[in-house]
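What follows is a set of notes on a single structure, which appears directly below.
The values are calculated or read from the model by the stated rules, or taken from the named source; none is laboratory data. As the structure is a computational prediction, the values presented were derived from the model and not from experiment. Cβ: placed from backbone, ideal geometry, glycine included. Neighbour counts: every protein chain shown. Quick note on the areas: whole protein, heavy atoms, side chains included, nothing else; ligands and nucleic acids left out. Shrake-Rupley method; radii C 1.70, N 1.55, O 1.52, S 1.80 Å.
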Amino acid sequence: MTSDDNLQESKLKDLVAQSNPIIQSSKKFDVMGMRLFLIGLMALNPHYSENDKYYDEKFPDTFVSTKKLSEMFGNNYYLNGLQNSCTKLFDSHITLSFDDGGWELIHIFEKLKYVSQEGLYLKFDENMKPYLLDFVKANGYTIINAEQLFRLSSPYAVRLVELLL
């Protein structure tokens, strides 16, 4: 991916949705990792019910410009730790625990790429699909206002809000 005059920024929604098993799962994110995860969620259009006409059947390639990242993270401070946070996030996983004592590890992102003067490209791993895209089959889901979560300065605060909702 290179600079392109036709490059279109992904539309980010204020409300994000996650399946309840993902909310209840073990996630080891720092605050920037949590915000990057939320940015990915903000670009998704999940399948909520059998009556939905428009929804993502697969994960879109998400692009967020440097200008939008600066607005979301505040100034250009985020650039100092972006690569380190992306590396940690790319290497991380979500641990789902099952009632029968079993568990599952799921890799979160298929792609995280930052292009200087352009922006951030990201895409969720296909194994996250049943937990982030297809809520018709999910065991419950929660919708959260992402803008409110961005105001929190601790991943523990974000986790607490998610669990309380």
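A few comments on the model shown:
- Taking volume of the Cα convex hull per residue in Å³ as calculated from this structure, the corresponding entry among (1) 116; (2) 180; (3) 172 is (1).
- Of Lys53/Lys113; Lys11/Lys68; Lys68/Lys113, those spanning more than 21 Å from alpha-carbon to alpha-carbon: Lys53/Lys113
- Positive minus negative residues near Thr62 (Lys, Arg vs Asp, Glu; Cβ under 15 Å): +2
- Peptides 125-131, 10-16, 147-153, ordered by how many other C-beta atoms sit within 10 Å of their residues on average, highest first, read 125-131, 10-16, 147-153.
- Here the accessible area is traced with a 1.4 Å probe on the protein chains. For region 1-153, carbon and sulfur cover 44 percent of it.
- Probe 1.4 Å, accessible area per residue of the chain, Å²: 58 Å²
- Region 23-78 shape via C-alpha gyration tensor axes, a/c threshold 1.5: oblate
- Inter-part distance, region 127-165 to region 52-115, computed on C-alpha centroids, equals 13 Å.
- log10 of Debye I(q)/I(0), alpha-carbon scatterers only, for region 43-102 at 0.16 Å⁻¹: -0.86
- Hits among aspartates and glutamates - C-alpha to C-alpha of Lys58 under 15 Å, sequence gap 8 or more where chains match: Glu110, Asp125, Glu126, Asp134
- Percent antiparallel among DSSP beta bridges (both partners in the chain, rounded to 5): 95 percent
- Shape of region 98-165, Cα gyration tensor, a/c cut at 1.5: oblate
- Highest-MSF residue in the chain out of Asn45, Asn145, Asn20 [GNM, Cα springs under 10 Å]: Asn145
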